[in-house]
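Trainee: Attaching a single structure in structure tokens format; questions to follow.
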There are 2 protein chains.
Amino acid sequence: MTYCVGILVKEGLTMIADTRTNAGLDNVAQYRKLHVFERPGERMIAIATAGNLAVSQSVLSLLNEGIRDPETGELETIHTQPSMFRVAQFVGRAVREVFRIDGPALEQSNTAFEVSMLLGGQIAGGRLRLFMIYRQGNFIEATEDTPFLQIGEHKYGKPILDRAIKFGTNIEEALKLGLISMDSTMRSNLGVGMPIDLVTIRRDAVQHDLLHRIEPGEPYFHDLRERWSAALRAAHQGIPKPPYKG
Amino acid sequence: MTYCVGILVKEGLTMIADTRTNAGLDNVAQYRKLHVFERPGERMIAIATAGNLAVSQSVLSLLNEGIRDPETGELETIHTQPSMFRVAQFVGRAVREVFRIDGPALEQSNTAFEVSMLLGGQIAGGRLRLFMIYRQGNFIEATEDTPFLQIGEHKYGKPILDRAIKFGTNIEEALKLGLISMDSTMRSNLGVGMPIDLVTIRRDAVQHDLLHRIEPGEPYFHDLRERWSAALRAAHQGIPKPPYKG
């Protein structure tokens, strides 16, 4: 499994991803799922991936190595796209290209072609944007009304985001809420695990503000988990008993 | 969708179920999913249902009307079973009987035969027990290590239970936590909705302690939701900012 969340607020964007992959419970490994394509001042793009690892790795290789434009013959990469919208379309094209190559063999063996991605970032002159790309290569975009997007095992960590994330939430609070959401997911699904990669990008900076890996035992995250647990305990204990009778 | 939770603690058992059913978002209705079979002092049994409404209603009808034992020819009902284990087997038989009758037609139209049930209660002379019955008619039982079981849309409401429910949790606290879990689920999935039915059974009482329907706007539940939201807000605001740099 995988859990990745992207949160787009007024101040900027944060994206958080776990690193656990598994092919069955008896085959667990660690892979980076948060990837950064950065040319400071020119473009700052982050991609988080979920789904079949073979598919997502092939998509990432295509984004770097490029796909030849069928009309002009030119080699396009993630670095040649002029806007975040065009990057999203290009990632979608890469997904479809991998499906074209690998999809039939996967289908023959009844293996689902599963991939989904969060794409966030900014290209100089354009807006900071956050997209979610589907396995079909199409995509949706986060908005002020719905400022976060999730891929992978999204349900356990969604209630806290539903309650707390607003477009006006500040970026540190958004990161903190994303980490709480990740913690809830890791507690309920063994397929989501440490270390955790995260990136934050401030609006119009066109470079990363923070690029960090939280390793197991890291003091701040440990403290966040403890404090959150203690606060939840105090919260439910502080609610009066049900008054119902009979 | 549906969300039902059963929590078995030292003091007793609580079961909570929503009442919303839907066949598509444009066809929403209200049906009781928590059913009680009670003969005070002799047996107190509660069943919560999820899945295809036609299937679960047929199963409940069979439990009441009875299934003829193929060997003895006697009519067995939920009231003739001598133990909770035998009740669980009988519910499983009823599920298989409905599958025998309706399964082939459902499969022909590519409609899944979906049903799952929580079965809790006590028969005089036996133990208070809680089971989850699968669509295949087999079942598992809650234990001291894992004292709660969920059916339907279980993920949104699981983190709080994972953190807080222990076998030693008192019964009012278990009910309160079940209601918080229900609240989280209703906020994230429109297919789960009010009113909420609940039952609590104290160990060895062999009758219900509480049988209640929470209607929309009911003051205690409204207050619980408000307090929980406020406490979560205070909880995440009280956690220090992430210290990460660079």
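Trainee: Just want to confirm a number: the relative contact order over the range B:157-206, from Cα pairs under 8 angstrom separated by 6+ residues, in percent.
Mentor: Once divided by the residue count of the range B:157-206, the mean separation gives 38 percent.
Trainee: First measure r as the distance between the Cβ atoms of B:Asn22 and A:His222, then evaluate 1/(1 + (r/R0)^6) with R0 = 35 Å and state the FRET efficiency to the nearest 0.05.
Mentor: Once rounded, the FRET efficiency stands at 0.25.
Trainee: Do any of A:Lys155/B:Lys245; A:Lys241/B:Lys241; B:Lys33/B:Lys158 go past 28 Å between their Cα atoms, and which?
Mentor: A:Lys155/B:Lys245; A:Lys241/B:Lys241
Trainee: Sort shortest first the distances from B:Glu97 to its counterpart in every other copy, using label points 7 Å along the Cα-to-beta-carbon line, and give them in nm.
Mentor: Label-point separations across copies, in nm and ascending: 6.1.
Trainee: While we're on this one: May I ask you to sort B:Val95, A:Val91 by Cβ crowding, counting other Cβ atoms within 10 Å and putting the fewest first?
Mentor: A:Val91, B:Val95
Trainee: A follow-up question, please. Any idea how far the Cα center of the range B:68-141 sits from the one of the range B:14-61, in Å?
Mentor: The distance from the Cα centre of the range B:68-141 to that of the range B:14-61 comes to 14 Å.
Trainee: Within 10 Å, count the other beta carbons around each residue, average over each peptide in B:107-116, A:113-122, and list them highest first.
Mentor: Sorting B:107-116, A:113-122 by mean packing, highest first, produces A:113-122, B:107-116.
Trainee: Ok, one more. Could you list which residues have their amide H under 5 Å from that of A:Thr21, counting only those 5 or more apart in sequence or on another chain, with H placed in the peptide plane?
Mentor: A:Ala29, A:Gln30, A:Tyr31
Trainee: If you plug each phi of the range B:127-141 into the Karplus form 6.51 cos²θ - 1.76 cosθ + 1.60 with θ = phi - 60°, what whole-Hz ³J(HN,Hα) values come out, in order, with x for Gly and Pro?
Mentor: 8, 6, 9, 9, 10, 10, 9, 8, 5, 7, x, 8, 7, 10, 10
Trainee: Give the nm distances, rounded to one decimal, from B:Thr77 to the matching residue in every other copy, measuring between label points 7 Å along Cα toward the beta carbon; shortest first.
Mentor: Counterpart label points of B:Thr77 in the remaining copies fall at 7.6 nm.
Trainee: Also: For the range A:201-207, just list the computed ³J(HN,Hα) in residue order, Karplus coefficients 6.51, -1.76 and 1.60, θ = phi - 60°, integers in Hz, with x standing in for Gly and Pro.
Mentor: Each residue of the range A:201-207 in turn: 10, 7, 4, 6, 7, 6, 6 Hz.
Trainee: Next question, about the same structure. First select every other residue whose beta carbon is under 10 angstrom from the beta carbon of B:Cys4; then total the charges, Lys and Arg +1, Asp and Glu -1.
Mentor: Overall, the nearby charge balance is -2.
Trainee: Could you give the length gained on full extension between A:Asp204 and A:Asp162, defined as 0.36 nm per residue of separation minus the Cα-Cα distance, in nm?
Mentor: Taking 0.36 nm per residue and subtracting the Cα distance, the gain is 12.5 nm.
Trainee: Considering the rotational relationship between chains A and B, which residue of chain A contributes the beta-carbon of minimal distance to the axis, and what is that distance to the nearest Å?
Mentor: In residue-and-Å form, the answer is A:Lys155, 2.
Trainee: Now for a separate question. Listing B:Ile140, B:Ile47, A:Ile67 from the residue with the fewest other Cβ atoms within 10 Å to the one with the most, what is the order?
Mentor: The fewest-first ordering by Cβ neighbours comes to B:Ile140, A:Ile67, B:Ile47.
Trainee: Can you divide the C-alpha Rg of chain A by 2.2 N^0.38 Å and report the result to two decimal places?
Mentor: Normalised by 2.2 N^0.38 Å, the Cα Rg of chain A equals 1.08.
Trainee: Right, another one. Per residue of the range A:76-86, in order, report the coupling 6.51 cos²θ - 1.76 cosθ + 1.60 (Karplus, θ = phi - 60°) as ³J(HN,Hα) in whole Hz, putting x for Gly and Pro.
Mentor: 9, 10, 5, 7, 9, 6, x, 8, 5, 4, 5
Trainee: Still on this structure, please answer the following. Once amide H atoms are placed 1.01 Å from N in the peptide plane, what residues at a sequence separation of 5 or more from A:Glu76, or on another chain, have their amide H within under 5 Å of its amide H?
Mentor: A:Ile67, A:Arg68, A:Asp69
Trainee: To continue, here is another question. Below 8 Å between Cα atoms, with a sequence gap of 6+, how large is the relative contact order for the range B:3-217 in percent?
Mentor: Relative contact order, the range B:3-217: 31 percent.
Trainee: Here is a further query. Would you grab the residues whose amide H sits under 5 Å from the one on B:Arg203? Only those 5+ places off in sequence or on another chain, please, with H modelled 1.01 Å from N.
Mentor: B:Gly12, B:Leu13
Any read-out appearing in this document is the output of simple, stated calculations on the displayed coordinates, not a laboratory observation. Just so you know, these numbers come straight off a predicted model, no measurement behind them. Counting neighbours? That spans all protein chains shown, and the Cβs are built from the backbone with ideal geometry, glycine included.
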